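The values are calculated or read from the model by the stated rules, or taken from the named source; none is laboratory data. Values in this document were obtained by computation on a predicted structure and should not be read as measured data. Cβ placement follows ideal geometry from the backbone for every residue including glycine, while neighbour counts extend to all protein chains displayed. The area values use the complete protein model at the heavy-atom level, side chains included, leaving out ligands, DNA and RNA. Shrake-Rupley method; radii C 1.70, N 1.55, O 1.52, S 1.80 Å.
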Amino acid sequence: MAAFTAEAFTKELIAILDYWEKYGPDHEKGGFYGQVNYDNQPVKDSDRSVVLTGRILWTFSLAHRLFKEAKYLTLADRAYQQLSKHFIDPKHGGVYWSVTANGAPKETKKQIYGNAFAMYGLSEYYRITHHKPALEQAISLFNLIEKHAFDAVNGGYREAAAQDWSVTDDYILSKSPWVKSMNTHLHLVEAYTNLYTVWPDKKLKKQTAAMLDTIITHIVNPKTNTMQLFFDEKWKAKDDIVSYGHDIEASWLLFETAEILHDEKLIAKMKEKSILMARMASKGLSQDGSLNYEYDPATKHTQTDRSWWVGAEQLVGFYNAYQLTKEEQFKVKAEKSWDYVVNKFIDHEKGEWHGTVKEDGTPVKGDKISFWKCPYHNARACSEMWRRLSKA
């Protein structure tokens, strides 16, 4: 069994940061590459996504906050320059979904998911630098999202808008009539929460608390305590597909939001829901400690691929459930999750983590850096576990 200690998680966090420091920066065009293949070779003309850029910004800002090392601030600065120079729409505000390798706008829709990760990164960068333009940019994103995406009638937030923030029916991640999603709400509440730590605004607090309530009222199915994925305007769900990774991720993230807001009623409500969600996510576990990807009750089909981000989130989610319940079984689940990560996900030869591992434990030799493959899930999991075990 892999060592389940604060020191072990600190060591892996530094290894992840070292990988991204070595292979991520594009020294020709600036910023970070949008794609690096399995052999750690950059795809130099690859598009750059705001999701990847925002997550890199958040990760190295966090790293500087934790370690106070100048090199991490330099890398955070690099990501900030890429985000502010190329992704922010100078005419309409908000951020583009993607830009070319040369920094020209590519997919210009205002995807709320992408704007959320820009806000997440900017607020963390402000936390370490007190650079006012970064906070102003994050606040601008909040105001634009509230103005153009918030549904004042039915609650929650629409998926996307056109470049000028007018209505669109193509949301990149879904299409009309599925105008709302679990994934966007989960990461938007995460971004709002992080912004609140540096800008404790009354409206921001009110909207963050309301979104948390919306999630546990409309997105978490009250019968199953699992989250449904896509919804129409009035919260009719598209289907009952269960995403085990998102459920275990939400179980700790949503509780963290309630704690940061210092709302005792929400804390009590979310503690109960968090434990129930962790119990339900446990149904997706295999004997080796890994989580299946998703399950469709309609077809009884289980997607058995193991994903790097799920492996990271289940670590924190199950340990959080242990902290809330003191039930040893949750601690064991967290320990087995880490053991699987060490033995199957971490690429001990080429660095970073494999993105996908098949059910039999065989890694899929995919990109190490891509539109979605970033340092945020695994770096955050290691920093969270380091923090939690240091206090234990």
Report whether or not ALA237 is more than 27 Å from TYR125 (Cβ to Cβ), more than 21 Å from the chain's Cα centre (by Cα), buried (at least 17 other Cβ atoms within 10 Å of the Cβ) and at pLDDT 95 or above.
yes
(1) surrounded by fewer than 19 Cβ atoms within 10 Å (Cβ to Cβ); (2) within 26 Å of THR217 (Cβ to Cβ) all hold for HIS130 apart from (2)
Would you check if LYS180 is basic (Lys, Arg), buried (at least 19 other Cβ atoms within 10 Å of the Cβ) and touching a residue at least 12 places away in the same chain (Cβ under 8 Å)?
yes
Residue ID - nearest to GLN35 (Cα to Cα), chosen from residues in segment 88-109 that are out of contact with any Asp or Glu (no Cβ under 8 Å at 6 or more places or on another chain) and surrounded by 17 or more Cβ atoms within 10 Å (Cβ to Cβ)
ILE88
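Could you please give the count of residues in segment 322-358 that are part of a helix (DSSP H, G or I) and either closer than 23 Å to LYS373 by Cβ or of a type outside the set (A, V, I, L, M) (or both)? Can you show your working first?
Of the residues in segment 322-358, the ones part of a helix (DSSP H, G or I) are 322-325, 328-345.
From what is left, the residues that are either closer than 23 Å to LYS373 by Cβ or of a type outside the set (A, V, I, L, M) (or both) are 322-323, 325, 328-331, 333, 335-345.
Final tally of qualifying residues: 19.
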Which members of segment 69-87 meet the condition of being under 18 Å from PHE9 (Cβ atoms) and either open to solvent by 40 Å² or more (accessible area, probe 1.4 Å) or not in a helix (DSSP H, G or I) (or both)?
GLU69
Working carefully through the options LEU173, LEU122, find the one that is open to solvent by 10 Å² or more (accessible area, probe 1.4 Å), outside any strand (DSSP E or B) and not hydroxyl-bearing (Ser, Thr, Tyr).
LEU173
Can you tell me which of ASP296, ASP305 is modelled with pLDDT of 95 or more, open to solvent by 20 Å² or more (accessible area, probe 1.4 Å) and within 30 Å of VAL36 (Cα to Cα)?
ASP305
Does any residue in segment 1-28 that is touching a residue at least 40 places away in the same chain (Cβ under 8 Å) come within less than 6 Å, Cβ to Cβ, of a residue that is β-branched (Val, Ile, Thr) and part of a helix (DSSP H, G or I) six or more places away or on a different chain, and which pairs are these?
ALA2/VAL342
Considering only segment 264-278, I want to know if a residue exists there that is over 18 Å from ILE216 (Cβ atoms), open to solvent by less than 50 Å² (accessible area, probe 1.4 Å) and of a type in the set (Val, Ile, Thr).
no
Could you check, for segment 195-208, whether at least one of its residues is open to solvent by 50 Å² or more (accessible area, probe 1.4 Å), closer than 27 Å to ALA312 by Cβ and of a type in the set (S, T, N, Q)?
yes
Checking the conditions here, which among LYS365, LYS326, LYS391 is in contact with a Phe, Trp or Tyr (Cβ under 6 Å, 6 or more places away or on another chain), of a type in the set (D, E, K, R) and open to solvent by 60 Å² or more (accessible area, probe 1.4 Å)?
LYS365
Just checking, which of ASP247, ASP213, ASP240 is of a type in the set (D, E, K, R), within 16 Å of SER181 (Cβ to Cβ) and assigned to a helix (DSSP H, G or I)?
ASP247
Quick check: anything in segment 45-54 open to solvent by less than 10 Å² (accessible area, probe 1.4 Å), in contact with a Cys (Cβ under 8 Å, 6 or more places away or on another chain) and either part of a helix (DSSP H, G or I) or touching a residue at least 12 places away in the same chain (Cβ under 8 Å) (or both)?
yes
